[in-house]
Amino acid sequence: MKNRMLEIRWGIYFIVMQLSWMLLEKSLGYHDERIAEHASFSMWVMLPSLLVYFFALHFKRVKDYGGKMSYKQGLISGLLITAVVTVLTPVSQSITSLLITPEYFPNVIAYSVESGAMTQEAAEAYFNLKSYILQSTMFAPVAGVVTSLLMALVNMRR
């Protein structure tokens with residue numbers, strides 16, 4: 001277990017990064033007055049996400065493998081980080097929705113209806129805590145696997 005503490009720690013760092021990103025989005029107005037631009041802006045979270053995995057695997061290679069890490073070792077490490085992130089995602093989503101930005105769902109529902117993108121019923125069914133926990137928990141392993149595949153390749157040293 002000791003040799004997997006790095007993955008657990010970096011999984012937690014990833015969750016902290018996500019929560020920090022939500023604070024950034026909120027502070028820049030993407031959860032209220034700039035909600036029309038929210039979807040476009042939120043895509044930029046990919047950059048810090050990639051960086052967290054990059055640094056996690058870099059430190060894994062240096063600290064645990066003496067600077068030499070196979071693709072398989074990097075991939076396993078990335079997948080373990082992904083597992084931690086996936087397990088913690090419902091908690092992270094709850095903190096985001098209940099503490100950081102409780103006004104997000106009413107704002108995005110109103111925007112979706114006013115813009116004609118959705119009916120009131122459809123927007124309420126889609127934009128709620130239960131739906132977002134489900135969506136984010138399903139997305140976390142998919143995104144994590146793709147990121148792990150890429151970052152294991154980038155960090156591989158023979």
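Centre-to-centre separation between the Cα atoms of segment 36-84 and those of segment 118-153: 18 Å.
Counting other beta carbons within 10 Å of each residue's own, what order do V85, V145 fall into, fewest first?
Numbers: V85 28, V145 14.
Starting with the residue having the fewest Cβ neighbours, the order is V145, V85.
Residue separation of F54 and A143 scaled by 0.36 nm, minus their Cα-Cα distance, works out to 30.6 nm of gained length.
For L129 and D64 in one chain, what is 0.36 nm times their gap in residues minus the Cα-Cα distance, to one decimal in nm? Let's see the in-between values first.
Values: separation 65, 0.36 × 65 = 23.40 nm, distance 3.88 nm.
19.5 nm is the gain from fully extending L129 to D64.
Quote the relative contact order of the chain in percent (integer), defining contacts as alpha-carbon pairs under 8 Å separated by 6+ residues.
Numbers: 173 pairs, mean separation 55.6, N = 158.
Relative contact order comes out at 35 percent.
Cβ crowding within 10 Å, taken as a proxy for footprinting-reagent exposure, orders R4, R61 from fewest neighbours to most as R4, R61.
Only helical DSSP H runs with n ≥ 4 go in: add -39500 (n - 2.57) per run for the chain, normalise by residue count and round the 222 nm mean residue ellipticity to 500 deg cm²/dmol. Don't skip to the end; give the middle numbers.
Details: 7 runs with 118 residues, N = 158.
Here the helix-only value at 222 nm equals -25000 deg cm²/dmol.
What would the Debye formula give as log10 I(q)/I(0) at q = 0.20 Å⁻¹ for the alpha-carbon point model of segment 2-155, no solvent? Debye intensities relative to I(0), on a log10 scale: -1.17.
Provide, for the chain, the number of lysine pairs with alpha carbons under 27 Å apart, each pair being eight or more places apart or on different chains. Write down the numbers at each step before the final one.
Details: K2/K60; K2/K63; K2/K68; K2/K72; K26/K130; K60/K68; K60/K72; K63/K72.
The number of close lysine pairs in the chain is 8.
Coordinate-derived values only; no laboratory data. Not measured: the values here are computed from a predicted model. Here Cβ is always computed from backbone atoms with ideal geometry, including for glycine, and neighbour counts include all displayed protein chains.
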